[in-house]
Amino acid sequence: MSEMTSEQNRQPSERSAVVDLAAVRHNVGRLLELARGRTLIAVVKANAYGHGAPQVARAALEAGAHMLGTAHVSEALALRAEGITAPVLAWLHTPSTDFAAAVREDVRLGVSGGELDAVLAAAREAGRPAVVHLKLDSGLGRNGATPEQWPALVRRVREAEGEGLLSVEGIFTHLAVADEPARPETAEQLATLTTAVRTAREAGLSPTMVHAANTPGLLSAADREDPDAILRDAVRVGLGLYGLSPFADRTPEDFGLVPAMTLRTRVANVKDVPAGAGVSYGLTYRTEGPTRLALIPLGYADGVPRVATGAPVRIGNRLHPVVGRIAMDQCVVDLSRSRPVTEAAGKPGAAREPTVRIGDEAVLFGAGSNPSVTDWADAAGTINYEVVTRLSPRVPREHVGLEPQRDSDRSRSVEHGGHPGAEPVDGPGADRDHGAGAGPGGVVPGDGAQDGPGAGAAGENWSITRELASAEETRALAAALAPHLRAGDLVLLNGELGAGKTTFTQGLGAGLGVREGIISPTFVLARRHPNLADGPRPGGPDLVHVDAYRLGSAEDVESIDLEDTLDTCVTVVEWGTSKVEHLSASRLVVDIERARGAQAAPEQADLAGVLAQLGAQWEEDASAGEVRQITLRGVGPRWTEPPRV
């Protein structure tokens, strides 16, 4: 497996799985809310479901996860080698499992019975007790002691604990049908677990952590008659960590989750073919009429399911179906059978069909208006877990949103097949320079304000400037501005990397009463956040949040069809100067600057240039406590007077 050099890292990847760690942190926060104070075990087995285990583990811990989970001890030891010292539980063992290393490295061990002798031997060798979680097979039929085997296991473990060889921290089981909440087997498994815990306590064990709920168990707990019965002391979440839903009839958005991975590449070829032309091996697909085809350089060697014919690929603002068989290295989409992205979301789409060119970005799945992982799972007849986990080492994982309190979102950690160590490369991301929270703040007319025509630059009606000392004040100012916004308003956010543009948008979203979970839409370009009927402004406009960083010009803006939603939504565009002004005769411009010491990046800098100029500054430039200077400027007839906020 080849490593990319620094110079190569500065070039756009021909294919990549972009993993937004800000989305992971957001998801952890949401899952902690649902867990209602329980210990959260973030499951990062299988290279974090294909997302990159070290990076996801760190992001999850930063967001408040208490513990990590892996299937194999080798996975846990790999986390230790990365310098991750948080508690890790590993539960699936083989005769060759290195229990001695696990005990030395303080890895918690799931114990079902058969491995107990080896664990005890490792504890003797290490001269310290092994910390264990006893695994109960309550009905799944995999590893774990059965109810019949349980009393004997408990007796042996109690004896070993008395000898100082074991420390029983937890008891756990795994649910078989939690993704089908109406089925009775889950309640039966939980009852079996309750009995097993009672037996263990009566034998003298004192576990502090009983856990059963996986992602579907946690997400459905509120709908159960007794949520505490499934939540217990801790929850183990895997799929939800990555912003995916385990339910066939409920989306991630239904739970406030954000998909973390975007699988993207670039169109390799475009050609026109006549009616009756065959496509790919076996010629199982033939065109019905004159057709334009596009070649997508991702295939089953990259982990794309071979049987997923018909799955959607987004190019520009349209979805195109995969036709013919998916090959080892490539697949083909039929451009003549496309449909608008907005139509796929149940809204009227654009009538025109823009030209697809070689080099255009093609997205197989991701968040927002992209096809979903579930779309691809449905086409392949499988589950979304498999689609993300099976991505091969040939697809680099590119991590954005690397730090929770800085704008390192515009750097990427690139690795092949989830192996860490490659150097950061260029790439835009979200403004995540401030932490969570809300607080006082606002602008009073006359406080740093100039009112009336000629107050600022040419074409401006007025300007207001204010210094804000925290993220809370930034959000509060934006929230106070939100009631003055209405459908059809265009807001341009200007500011250097890390200035706080997405922080400001979060405040606008709170004031507009839209769905929570605003993060940068960098790799989906635009996200629409719907107005909530039970929010502070029911019936108000949706918020469309755009990151135009990767759009080179006003012409490129046409590809995302902002005009289709402009009249019915509040549209907020980051990095939009000289790109979106043609959309409206009026706009509210928000300039965000660091008041002290930081050097701004040019708005139109290419990604490699941003990396070169700012790479050394990311460590020091993004202090959450830095003062920001925010200037509001009104342009056009809509904004003849400043808002009274």
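The values are calculated or read from the model by the stated rules, or taken from the named source; none is laboratory data. Values in this document were obtained by computation on a predicted structure and should not be read as measured data. Cβ atoms come from the backbone with ideal geometry, glycine included; neighbour counts cover every protein chain shown.
A few comments on the model shown:
- In region 141-250, counting only helices (runs of 4 or more DSSP H) that sit wholly within it, the ones holding 2 or more residues that are in contact with a Leu (Cβ under 8 Å, 6 or more places away or on another chain) and among the basic types (Lys, Arg) span 150-162.
- Residue list for region 76-115, restricted to those being part of a helix (DSSP H, G or I) and either surrounded by 21 or more Cβ atoms within 10 Å (Cβ to Cβ) or under 32 Å from the mean Cα position of the chain (by Cα) (or both): Ala76, Leu77, Ala78, Leu79, Arg80, Ala81, Phe99, Ala102, Val103
- A single member of Leu134, Leu79 is closer than 30 Å to Pro184 by Cα and either among the aliphatic types (A, V, I, L, M) or in contact with a strand residue (DSSP E or B) (Cβ under 6 Å, 6 or more places away or on another chain) (or both), and it is Leu134.
- Of all the listed residues (Ala182, Ala145), the sole one being surrounded by 15 or more Cβ atoms within 10 Å (Cβ to Cβ), over 16 Å from Arg232 (Cβ atoms) and not polar (S, T, N, Q) is Ala145.
- Among the residues of region 212-234, those that are over 18 Å from Val28 (Cα atoms) and of a type in the set (Asp, Glu) comprise Asp223, Glu225, Asp226, Asp228.
Each row is one residue, and each column tells you yes or no for (1) of a type outside the set (Ser, Thr, Tyr); (2) within 20 Å of Asp233 (Cα to Cα); (3) not assigned by the TED database to the domain that holds Ser220.
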site	(1), (2), (3)
Tyr49	no, no, no
Leu68	yes, yes, no
His72	yes, no, no
Arg80	yes, no, no
Ile84	yes, no, no
Leu92	yes, no, no
Ala100	yes, no, no
Glu115	yes, no, no
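- Residue selection: Gly349 fails the criterion of being closer than 20 Å to Ala17 by Cβ and either crowded, with 18+ Cβ neighbours inside 10 Å or at pLDDT 95 or above (or both).
- Any hit, region 269-277, residues being in a loop (DSSP other than H, G, I, E, B) and buried (at least 19 other Cβ atoms within 10 Å of the Cβ): no
- Ala234 among the small types (Gly, Ala, Ser), over 26 Å from the mean Cα position of the chain (by Cα) and surrounded by 13 or more Cβ atoms within 10 Å (Cβ to Cβ): no
- Taking region 279-305 as the range and being in a loop (DSSP other than H, G, I, E, B) and surrounded by fewer than 15 Cβ atoms within 10 Å (Cβ to Cβ) as the test, the residues that pass are Thr284, Glu288, Gly289, Pro290.
- Selection count where residues are more than 23 Å from the chain's Cα centre (by Cα), surrounded by fewer than 24 Cβ atoms within 10 Å (Cβ to Cβ) and modelled with pLDDT of 90 or more, scope region 493-514: 1
- Subset of region 533-547 (residues that are surrounded by 18 or more Cβ atoms within 10 Å (Cβ to Cβ) and at pLDDT below 85): Gly535
- The condition of being loosely packed, with under 15 Cβ neighbours inside 10 Å, of a type outside the set (Phe, Trp, Tyr) and in the same structural domain as His66 (by the TED database) holds for only one of Ala196, Ala213, Ala221, Ala152, that being Ala152.
- Restricting Val119, Val168, Val177 to those that are surrounded by 15 or more Cβ atoms within 10 Å (Cβ to Cβ), in contact with a Phe, Trp or Tyr (Cβ under 7 Å, 6 or more places away or on another chain) and either within 30 Å of Leu219 (Cβ to Cβ) or touching a residue at least 40 places away in the same chain (Cβ under 8 Å) (or both) reduces the list to Val119.
- Residue within region 307-317 that is farther than 30 Å from Pro181 by Cβ, surrounded by fewer than 17 Cβ atoms within 10 Å (Cβ to Cβ) and in contact with a strand residue (DSSP E or B) (Cβ under 9 Å, 6 or more places away or on another chain) present: no
- For Thr565, the criteria (1) in a helix (DSSP H, G or I); (2) free of Cβ contacts under 8 Å to residues at least 12 places away in the same chain hold in every case but one, which is (2).
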